[in-house]
Amino acid sequence: MTTLVTPTATSRVVARPPSSRRRGGAASAKKLILALAAYIVAILFLLPYLEMVVVAGRPAKELLSRNFFPTHFDWSNFATIWSTGFGGNLSTSLQVAGGATIVVLVVALPAAYYTARHRFRGRALFLLLVLATQMFQPAAMLVGIQREFLGFNLPSPTLSLILINAGFNLAFAVWILNAFVSSIPVELEEAAVVDGCTRIGAMMRITLPLAMPGIVTALIFTFISAWNEFLVALTLTLSAPDSARPLTVAINSYVGQYSIDWGHLFAGSLVAMVPVVILFAVIEGRVVSGLTAGAIK
Amino acid sequence: MTADLAPKRSGRRRITGTPYALIIPAVAVLVLAMGYPLVWQLITSTQQFGLAQQFGQAAPFVGLQNYITLATDPYMWTVVARSVLFCAACAAITMVIGTLLALLMNVVARWVRLLLQITLLLAWAMPVVAAMTVWTWLFNLRSGVINWMLTAIGLPFHGHNWLIEPLSFFGVAVIIVVWMSVPFVAFSIYAGLTQVSEEVMEAASIDGASARQRFFSITVPMIRPVIAIVLLLQVIWDLRVFTQIKLLQTAGSVKSETNLLGTYIYQLGTGSSDFGLASAVSVFVLALTIVISAFYVRSMLKEES
């Protein structure tokens, strides 16, 4: 990689003095502007959350008040929500999203590794088929899904939901992992084999750690998509007990035909964020970065 | 096919049978989860559903009749054109903002980056029903914060209805869809950026490459595969967008003027129980997606090998 990249970079260099990287004042001003930009983006993205927090903490008798901020915050919605069976919903969602994520990583990693490292008959066909699964409208598949999985007669909809969510999200995982593994020079693995590693050992110790940013991305993506999946969950849990429904379905049930339970809707949604943020906090530190290019010279 | 292997790999011990052992689990998951619904859709698209079918009578097969009905219906083509435009706008804006944010994450201090990532994560992970409720509130004509702010700075937006005009309806929809998809793009491209080696960058910088040159000759080629995949998926997903449009329509707009392919399928299928026609639209969307992406996917696969 090094040998490929450096010449192209230098060949285009016009007569220009090497830019010194630390120019004191200018550099720190630039840093400040960038940080400021980050804050502004963060605030823009949080705008809907501000509204949610304000509503979730609004006392019931002030719901129709025209003031944006309530006179005082009343966090009882966060307490009473648990008596609606929200704990069960949370646990169902954790099982569905966690299960789907595990299934996706377990089946996508070997497939992506192999398609990245080998050219074999049917390789392009496999990648295309995986991609084609994304081209169908989930809303259009509902009837088919309902027929298939209600026919299975599984003890709980959780297993069906794990399988369907794994199917929905496999495409991204396979393609992104394929791209990440491809970008890791095969020479690294070969060097490890020369040094006495087994092929599988080389894959586990060299390639997987280097592909970690890709794995983490696939993991977060799958977890969040499954966590947020709504249409199929609603369809398959129609006859299930309330507490066996995933969060998204429970949250939707606060939106009634004629009235909406705003407080619980938003308190529930805010609580639903917590596991996602915890997951991110746990795996964020595991991203190993930029190790590859310097490794072969 | 061994001939296709790069020469340096030919010396490697070939493990016969492994390729399929490694790939079959992935195929199995896809077939189990989505095989039946997909085949059901293909079959149903050649059947005719009417009143009798609502009372349980089997639907007769009518060959390509549903497809002919669609192809000769000008409304269908309006919806197709609308969806393609909507998809192009959303995908383009999402990719630009997402890439810029990924680059921003890459240059700021660690804790600023974490702050950005967590905010994006929150936008990404918000249950769609809650997100749509908040967004329709923000744009509410009477009590919405957006109208309130625009009025406060002196613009004539008091009681402005954002959803009644199709163009402004789609403007709002683009904002919401972009808000929901930018985090995915930013996270993925940022992951790609972490693979760009500091050392190479430093070497190029010592060789006199400007920041601009380093970006276009080192960073872009390194993250191109990730950008290619993310763009491809973004186009596919934006073409089949459904939930956001459905919930915005419920919030108050004329359905026939704001239907995209996703909501049109829903309206035909679940709405009027014409599953034959609905499936035909859905298969049409598949064909359309293939047409739009075929050239791109081919060049992607070619570039890889």
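The values are calculated or read from the model by the stated rules, or taken from the named source; none is laboratory data. Every value quoted in this text rests on a predicted model; they were computed, and no experiment measured them. Cβ sites come from the backbone with ideal geometry, for glycine too, and all protein chains shown count toward neighbours.
If you check B:GLN244 against the conditions, is it at the interface with chain A (Cβ under 7 Å from one of its Cβ atoms) and more than 26 Å from B:LEU114 (Cα to Cα)?
Spelling it out, it is not the case that B:GLN244 is at the interface with chain A (Cβ under 7 Å from one of its Cβ atoms) and more than 26 Å from B:LEU114 (Cα to Cα).
Residues to consider are A:VAL216, A:VAL174; find the one that is under 15 Å from the mean Cα position of the chain (by Cα), crowded, with 24+ Cβ neighbours inside 10 Å and not small (Gly, Ala, Ser).
A:VAL174
Being within 9 Å of another protein chain (Cβ to nearest Cβ), assigned to a helix (DSSP H, G or I) and surrounded by fewer than 18 Cβ atoms within 10 Å (Cβ to Cβ) is true for just one of B:THR263, B:THR270. Which residue is that?
B:THR270
Give the residues of the stretch B:90-107 that are at the interface with chain A (Cβ under 7 Å from one of its Cβ atoms) and surrounded by 20 or more Cβ atoms within 10 Å (Cβ to Cβ), sorted by residue number.
Scanning the stretch B:90-107 gives a single hit, B:LEU101.
Does the stretch B:8-26 contain at least one residue that is within 9 Å of chain A (Cβ to nearest Cβ), over 30 Å from A:ALA116 (Cα atoms), in contact with a helix residue (DSSP H, G or I) (Cβ under 9 Å, 6 or more places away or on another chain) and at pLDDT below 90?
no
Restricted to the stretch A:243-263, and to residues that are at pLDDT 85 or above and outside any helix (DSSP H, G or I), which residue is farthest from A:GLN95 (Cα to Cα)?
Restricting to residues being at pLDDT 85 or above and outside any helix (DSSP H, G or I), the top hit is A:ARG245.
Out of everything in the stretch B:182-235 that is more than 7 Å from chain A (Cβ to nearest Cβ) and touching a Phe, Trp or Tyr at 6+ places or on another chain (Cβ under 7 Å), what residue ends up being nearest to B:ILE146 (Cα to Cα)?
The qualifying residue nearest to B:ILE146 (Cα to Cα) is B:PRO183.
Provide a single number: the residues in the stretch A:275-287 that are more than 14 Å from the chain's Cα centre (by Cα), more than 8 Å from every other protein chain (Cβ to nearest Cβ) and not basic (Lys, Arg).
1
Just name the residue that is farthest from B:GLN195 (Cα to Cα) out of those in the stretch A:242-261 that are more than 8 Å from every other protein chain (Cβ to nearest Cβ) and in contact (Cβ under 8 Å) with a residue 60 or more places away in the chain.
A:ASP242
Out of B:LEU70, B:LEU103, report the one residue that is over 30 Å from A:LEU105 (Cβ atoms), in contact (Cβ under 8 Å) with a residue 24 or more places away in the chain and not β-branched (Val, Ile, Thr).
B:LEU70
Starting from the stretch A:102-119, keep only residues that are surrounded by fewer than 23 Cβ atoms within 10 Å (Cβ to Cβ), then list their pairs with residues that are not small (Gly, Ala, Ser) whose Cβ atoms are within a distance under 6 Å, requiring at least 6 positions of separation or different chains.
From residues that are surrounded by fewer than 23 Cβ atoms within 10 Å (Cβ to Cβ), the pairs are A:PRO110/B:LEU22; A:TYR113/A:VAL181; A:TYR114/B:PRO19; A:TYR114/B:LEU22; A:ALA116/A:ASN178; A:ALA116/A:VAL181; A:ARG119/B:ASP4; A:ARG119/B:LEU5.
On the given criteria, is B:LEU150 more than 24 Å from B:VAL254 (Cα to Cα), buried (at least 20 other Cβ atoms within 10 Å of the Cβ) and not aromatic (Phe, Trp, Tyr)?
no
Restricting to helices (runs of 4 or more DSSP H) lying wholly in the stretch B:129-241: which have 3 or more residues that are closer than 29 Å to B:ILE292 by Cβ?
Because the criterion is at least 3 residues that are closer than 29 Å to B:ILE292 by Cβ, the helices (runs of 4 or more DSSP H) in the stretch B:129-241 that meet it are B:166-193, B:220-239.
If B:SER143 passes every condition in (1) surrounded by fewer than 20 Cβ atoms within 10 Å (Cβ to Cβ); (2) at pLDDT 85 or above but one, which one does it miss?
Single failed check for B:SER143: (2).
Going through the stretch A:96-125 one residue at a time, which ones are more than 16 Å from A:PHE223 (Cα to Cα), assigned to a helix (DSSP H, G or I) and either more than 9 Å from chain B (Cβ to nearest Cβ) or out of contact with any Pro (no Cβ under 8 Å at 6 or more places or on another chain) (or both)?
Across the stretch A:96-125, the qualifying residues are A:ALA112, A:TYR113, A:THR115, A:ALA116, A:ARG117, A:ARG123, A:ALA124, A:LEU125.
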